[in-house]
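Read through the structure below, which is laid out as structure tokens, and then see the notes.
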Amino acid sequence: MGLNVARKLIHSHLLEGEMVIGQEIGIRIDQSLTQDATGTLVMLELEAMGLDRVKTELSAQYVDHNLVQEDHKNADDHLFLRSACQRFGLWYSRPGNGVSHPVHQERFGKPGKTLLGSDSHTPSAGAIGMLAIGAGGLEVAMAMAGEPFHFKMPLIWGVKLTGRLPDWVSAKDVILEMLRRHGVKGGIGRIIEYYGPGLDTLSAMDRHVIANMGAELGATTSVFPSDQEVRHFLKTQGREDDWVELLPDADAQYDLHEEIDLSALEPLIAMPSSPGNVRPVREVAGMEIYQSYVGSSANPGYRDFAVVAQIVKGKQVPDRVSFDINPTSRQILENLIRDGHMTSLLHAGARAHQAGCNGCIGMGQAPATGKISLRTVPRNFPGRSGTREDKVCLVSPETAAASALTGVITDPRTLEMEYPRIKDPEEPNINTQMLVAPIPLEEALKVRLEKGPNIDTLPMFDPMPDRFERPVLLKVGDDISTDEIMPAGARVLPYRSNIPKIAEFSFDMVDVTYPKRAAEIRNAGGHFVVAGRNYGQGSSREHAAIAPRYLGLRAVIAIGFARIHWQNLVNFGVIPLTLDDPAEYDQISQGDVLRMTDLRKQIQGGNLVQITNVTKNRRFSTHHDMSPRQMDMLFAGGLINLMRQQLLQQSPAKTLRPMDG
């Protein structure tokens, strides 16, 4: 049986286990990617491990999320990250250089390599034939220290693309079609691999759009072949030597099959407040909008801005509409300026922002209360924009531009103009000046980490007790995202290096009383959280696990978990338990006291864990799905504790850093 691209990538990097669906495997990681919202913890974790230098082929730290410097906190963290890059041997992408994913694809991505990133949209790099996976920061830190990355072997879902996209339809509509068909849980436990003749019409940056939002399906990652289009992309970036061909075998097999006829697609829109709430634009046309926002890692390419510029050229958006242009890399911004597209955008009324994540993560450009905001971003979870009562819709650049001109949701096919087909420039201006290379080891060892007053030490967590009887402090429903567990945005993200402070915002979008209630019983032994399906979807931010753990969370009982958050819970010593009978969810109430006994015996003896609802005198079953390696982490109180134990066993005389406790 021939191999598909995903299996070739896994096989060539396999270090532990066998490629059997559902079994845990460990792979070698070639490259790593961190961004400033998660990277500060990663650097503190590297320091806690006593690491001298990263062991990956290449690691890069991007400053793209926390660019607003309303006080000292973000500025201090930028300097901390710069010093950490010098100390541990990473590339440093300066503030304003752009969003990690398109910049990494432009400058560092290599077909056939693996990439692990502390950002859930790291799979964007699958556009050029990489196996790129998002993970919690602690797992990325471990990979940077030379450890394998462990995950369960997924199903490979082959999606055959045929035909050609019609006018006014683009790559964003392809991934919205996938979400329309399958929703936000459709990709869980799967790698999506795109193949077929339709690929010939999609550029490398078009593929980036599709791979980026595979995360919204819950997929482990998305993969494209490394073909002549990828070669052409790397050639335009001055890196043709980095290209290798990586194609599926002629008789390649897939575990699941799908087909999309590109020529049959139409403009689509994800309505509030889920990427899976997808409808044809024509069905909701005419609804008044407040904002049209273009940019983000989900539509980061030159053509995504240039096509908008051509649509609005010589026209003016209504005075009621906020028309926001968010360039995704400085290099792309320079080329848009060179080719006159920024002039067209500005003349039409665009508000230009610095190259970075910005409004996508709630750092500025928040919409008006209860008003519709059309965005080319990847997510529209409630409140993610920075406005609690937001109505964010996900659209293509074409739909965003058409709607900006009319002031209402508009099917771009109704515009009375010829569709401007735009290609990326053959000879772009290439900007590498904002990337700072690693320094030699002998110099790096002399670097002191530059810590501002907002950077606190990592909290130390106690090992898992063998028995506890504690209340259900919070019960939540289906599809709770990490944005709802631990909000982003300008009021919260600046505290990302201060766990006690950021913990005060835990579940802020769900129940503002949770942090205070949790703190009151923290020292008494902690609490449970009960959840529905797909708990922890969305961002990879490990703060959504570590902050509630700091407040005493010991176990989450859910109908189902999102992959990255499930692993993050284990990493920090929280038991993720899945209900054997989903109907049992309705029998548990917030405030019920639950009892677990003989935990070590139950967990090590199999995957079944029995729990007693003391309040209702009822017993029910759960399972844990942890490997022996993960059980060891849990019993130790988390991965950092386990690593500390292993380092001390290997070198009893080793002196651990002060932050290690």
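Read-outs throughout are calculated quantities, based only on the coordinates presented, and are distinct from any laboratory measurement. These numbers were taken from a predicted model, which means no experiment stands behind them. Here the Cβ is made from the backbone with ideal geometry for all residues, glycine too, and neighbour counts use every protein chain on show.
Between residue 15 and residue 279, what length in nm is gained on full extension when 0.36 nm per residue of separation is reduced by their alpha carbon distance?
Working: separation 264, 0.36 × 264 = 95.04 nm, distance 4.31 nm.
Fully extending the segment from residue 15 to residue 279 adds 90.7 nm.
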| query | In terms of the Cα gyration tensor, with a ≥ b ≥ c the square roots of its eigenvalues, is the range 217-311 rounded because a/c is under 1.5, prolate because a/b exceeds b/c, or oblate? | reply | oblate
| query | Per the Kirkwood treatment, what hydrodynamic radius in Å, one decimal, follows for the chain from the mean inverse distance over all distinct Cα pairs? | reply | 25.0 Å
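Roughly how compact is the range 268-414, stated as its Cα Rg over 2.2 N^0.38 Å to two decimals?
Relative to the rule-of-thumb radius for its length, the range 268-414 sits at 0.93.
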| said: To the nearest 20 Debye, how big is the dipole of the range 468-650 about its Cα centre, given +1 on the beta carbon of each Lys and Arg and -1 on that of each Asp and Glu? | reply: 560 debye
| remark: About its Cα centre, the range 418-538 carries a charge dipole, from +1 on Lys and Arg Cβ atoms and -1 on Asp and Glu Cβ atoms, whose size in debye to the nearest 20 is 500 debye
| task | Work from the charge dipole of the chain (Cβ charges, +1 for Lys and Arg, -1 for Asp and Glu, about the Cα centre) and give the residue of 514, 374, 217 farthest towards its positive end. | result | 514
| field | Kyte-Doolittle mean at least -1.0, axial Cα span of 18 Å or more - DSSP H helices of the chain | value | 36-49, 72-88
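Relative to the present Cα-Cα distance, how much length would full extension add between residue 346 and residue 521 at 0.36 nm per residue of separation?
Fully extending the segment from residue 346 to residue 521 adds 57.6 nm.
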| task | Quick one: of 172/391; 55/451; 315/371; 55/501; 110/152; 8/152, which pairs are farther than 21 Å apart, Cα to Cα? | result | 55/451; 315/371; 55/501; 110/152
| request: Just name one of 633, 22, 300: the one whose Cα is farthest towards the positive end of the charge dipole of the chain (beta-carbon charges, Lys/Arg +1, Asp/Glu -1). | output: 633
| FRET efficiency, residue 240 to residue 439 (Cβ-Cβ, R0 22 Å, nearest 0.05) | 0.20
| said: Give me the net charge for the shell around residue 535: Cβ to Cβ below 9 angstrom, other residues only, Lys and Arg +1, Asp and Glu -1. | reply: -1
| request: Please report, in debye to the nearest 20, how large the charge dipole of the chain is about its Cα centre when each Lys and Arg carries +1 at its beta carbon and each Asp and Glu carries -1 there. | output: 1320 debye
| Among 116-122, 176-182, how do they line up from the highest to the lowest mean number of other beta-carbon atoms within 10 Å? | 116-122, 176-182
| Candidate aspartates and glutamates for bridging to residue 313, where Cα separation is under 16 Å - those fewer than 8 sequence places away on the same chain excluded | 304, 324, 339, 398, 416, 418
| field | Packing-based order for 4-12, 571-579, using average beta carbon neighbours within 10 Å, highest first | value | 571-579, 4-12
| query | For the chain, what is the percent of antiparallel DSSP beta bridges, rounded to the nearest 5? | reply | 35 percent
| query | What order, most packed first, do the peptides 81-90, 276-285 have when packing is the mean number of other Cβ atoms within 10 Å of each residue? | reply | 81-90, 276-285
